[in-house]
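Q: One structure, pasted below without further comment.
No value in this document is a laboratory result; all are computed from the given coordinates. Just so it is clear, the structure is predicted and the values come from calculations on it, not from any experiment. Cβ placement follows ideal geometry from the backbone for every residue including glycine, while neighbour counts extend to all protein chains displayed.
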Amino acid sequence: LAMTIVELMVATSSGMMALAGLGALSVYTVRSFAAMANYMELDKDSRNALDRMTQIVREADGVTSYSEHEVVLSYHGQPLSFKYSPALETLSMIDTNGTEKVLLRDCEYLKFEAFQRNSVPGSYDQYPATVDENATKLVQVSWICSRHLIGQILNSESVQSAKIVIRKQ
C-alpha cells in the first residue's frame, strides 16, 4: 500500500498545523504563568513594604518633615525617613544610623501626604497637616509598581494606598 504524494502532503500539512497550534498554546501558557508569578512577587513586595512602614509610622513620635517623595519621622527620639527615588524607582528606609535599606523596587509612582487629626465634616477625609511634629496624625502613602515581562508591561499592580495613624499623637 503505497502513499501518493498528495496524501503525504495532506498528512504533513495537517501535522504541521497541529504542531503550530500546540506551540502557540505552549507559548501562551508559559507567558500566563510568568505573568502570574510576576504579579504575585509584586504583591508580596508591596505588602512587605507596607507592613514595615505601618509598623514604624505607628510607633513614631511624630513627623518632622515631609514632601511628595520623602517623609522624615522622629522615631524614639531619632530621625528615620522613607525616601522615594523616581530615577531608581525605589522606596528606601534610612534608619537612625543612616543605613539605607531598599523596601520596594520597580516603583514607577509614589507619593507621601500628611494629615491632621481632625476629620473634614461630612466625610472620611482629614485636613492636610502643617509641617509640625505635633500636628501630623496620619501619613498617607500611595504607589504603583510594575514589571516588564518579555519587553512589555504585562501586569501593573494597582495603586497601593494606605493612611497610617501615628499612635503616639
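Q: What residues qualify as long-range amide H neighbours of GLY62, i.e. H under 5 Å apart, gap of 5 or more or another chain, H built at 1.01 Å from N?
A: For GLY62, whose amide H was placed from the backbone, the distant partners under 5 Å are SER74.
Q: Related question: Could you point to the label whose value was computed as semi-axes √(5λ) of the Cα gyration tensor in Å for the structure here, given [x] 54, 16, 11; [y] 25, 21, 15; [z] 27, 21, 14?
A: [x]
Q: Ignoring everything except DSSP H segments at least 4 long, calculate the 222 nm mean residue ellipticity for the chain; use -39,500 (n - 2.57) per segment, divide by total residues, nearest 500.
A: Calculated mean residue ellipticity at 222 nm is -12500 deg cm²/dmol.
Q: Related question: Just to confirm the number: angle between the C-alpha axis of helix 5-59 and the first principal axis of the chain, 0 to 90 degrees, nearest 10?
A: Taking Cα atoms only, the helix is inclined about 10 degrees.
Q: Hey, how many Å between the Cα centroid of region 97-119 and the Cα centroid of region 13-88?
A: 14 Å
Q: Let's test the formula: R0 of 41 Å, r as the Cβ-Cβ distance of SER32 and VAL10. What FRET efficiency results, to the nearest 0.05?
A: 0.80
Q: Once Lys and Arg get +1 and Asp and Glu get -1 on their Cβ, which of PRO121, HIS148, THR12 lies farthest toward the positive end of the dipole of the chain?
A: PRO121
Q: Classify region 60-132: rounded, prolate or oblate, from the alpha-carbon gyration tensor (a ≥ b ≥ c, eigenvalue square roots; a/c under 1.5 rounded; otherwise prolate if a/b is larger than b/c)?
A: Oblate, because a/c is 1.5 or more while a/b does not exceed b/c.
Q: Can you give me the relative contact order of the chain as a percent, contacts being Cα pairs under 8 Å and 6 or more apart?
A: Answer for the chain is 20 percent.
Q: Can I ask one more? Return the long-range amide H neighbours of LEU104 (sequence gap of 5 or more, or a different chain), with a cut-off of under 5 Å between placed amide H atoms.
A: Long-range HN contacts for LEU104: LEU91.
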